[in-house]
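Report on the following structure.
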Amino acid sequence: MRSSIVIFTDLDGTLLDSVSYSWKAAIPALNLIKGKAIPLILCSSKTRAEIEAHRQQLDNHDPFISENGGGIFIPDGYFDFSFSFQKKVANYLVIELGIPYPRLREALLMIVQQMSTDLKGYGDLSASEIAAQTGLSLEEVQLAKQREYDEPFVFVGSDKQKKRVLQLIEQKGLYWTRGSRYYHLLGANDKGKAVKILTGILRQKLGRITTVALGDSPNDLPMLEAVDYPILVQRPGKVYEETIRCSGLIRAQGVGPEGWNAAIIQLLPRIRD
Ligand code: MG
């Protein structure tokens, strides 16, 4: 029986270089994917606005997952059957798994008041501060600030204080995760839950599918656990995120997009389609 392949990928530090944000090193693999018409689902802690900019540059028209599984955005008409979704925004049908951003901000501000530590969310930082921390341009920061389901935060303090902040988050019934650059405050959503839901819908369209995912950081673990072929790319310094362990994990030879390219070129011919 024919099996289609679907690829899910993190952006920062995985398909995109962690410093230059370039995906140029992955062009050969991206061309291979395009030639085979394999859906490429961007699954990031980035916002919808940021991911849209990358989709445009990549000429990608597949659904995508924003803000650590907060929202699944499906272009209207992508599926020719009905499925349940929460709202329609622009040209997307949106499956919402995250909780609204204002609730996250409210919780973060309460935690800041309870702690005497230097804890700052995206909402507290100016555009130029974020640009300095991330290397994004001011225009790109404007896209990154359009948050819907996830609040990245930076924290300066001892390990003990850090533990306390994370405990306070959990006591409020909220969750946290760690990406390639920031901690994130969020609801019960994660990349894995979103990948499983979207895989179920893609299966209705494509029949039997083989799933692949690529990531670099702890927030990618649920996504890696949800697919047939999990791939971990190297972080700067040619090291692997040490907390990521899951069965069948493929360790890509190369940092970020370089590892992405090498792993996909090696893996795809091994998957029968
Ligand atoms: Mg990452």
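Residue ranges 167-173, 108-114, 31-37, 193-199 sort as 193-199, 108-114, 167-173, 31-37 when ordered by packing (mean number of other C-beta atoms within 10 Å per residue, highest first). Note on the range 1-105: Kirkwood radius taken over Cα pairs, Stokes-Einstein applied at 10 °C and 1.306 mPa s, translational D equal to 107 µm² s⁻¹.
Note that the range 101-186 shows a convex hull volume over its alpha carbon atoms of 89 Å³ per residue.
In order along the range 248-262, phi translates into HN-Hα couplings of x, 4, 9, 9, 5, 8, x, 7, x, x, 5, x, 4, 4, 4 Hz, rounded to whole numbers, per the Karplus curve 6.51 cos²θ - 1.76 cosθ + 1.60 with θ = phi - 60° and x for Gly and Pro. Amide H to amide H distances under 5 Å link residue 253 with 263, where only residues 5 or more positions off or on other chains count and H is placed in the peptide plane.
The coefficient of translational diffusion for the chain, derived via Stokes-Einstein from the alpha carbon Kirkwood radius under 37 °C and 0.692 mPa s, stands at 173 µm²/s. With θ taken as phi - 60° and the Karplus curve 6.51 cos²θ - 1.76 cosθ + 1.60 applied, the whole-hertz 3J(HN,Hα) list for the range 101-117 is 3, x, 5, 5, 4, 4, 5, 5, 5, 5, 5, 4, 5, 6, 10, 9, 10 Hz, x standing for glycine and proline. Ordering 211-223, 47-59, 131-143 by mean Cβ neighbour count within 10 Å, with the highest value first, yields 211-223, 47-59, 131-143.
Between amide H atoms placed 1.01 Å from N, distances below 5 Å from residue 11 occur with 43, 45, all of them 5 or more places distant or on a separate chain. Using only side-chain charges placed at the Cβ, +1 for Lys and Arg and -1 for Asp and Glu, the dipole size of the range 54-177 relative to its Cα centre rounds to 560 debye. Computed about its Cα centre, the charge dipole of the chain is approximately 640 debye, with only Lys, Arg, Asp and Glu carrying charge at their Cβ. Using θ = phi - 60° and the Karplus form 6.51 cos²θ - 1.76 cosθ + 1.60, what ³J(HN,Hα) does each residue of the range 160-168 get, whole Hz, x for Gly and Pro? After applying 6.51 cos²θ - 1.76 cosθ + 1.60, I find 5, 5, 4, 4, 5, 4, 5, 5, 4 Hz. Here is the size of the range 124-263 from its Cα atoms: Rg then Dmax, 17.0, 50 Å.
Laboratory data are not the source of any read-out in this text; all were calculated from the coordinates shown. Please read these numbers as outputs of a predicted model, since none were measured by experiment. Cβ: placed from backbone, ideal geometry, glycine included. Neighbour counts: every protein chain shown.
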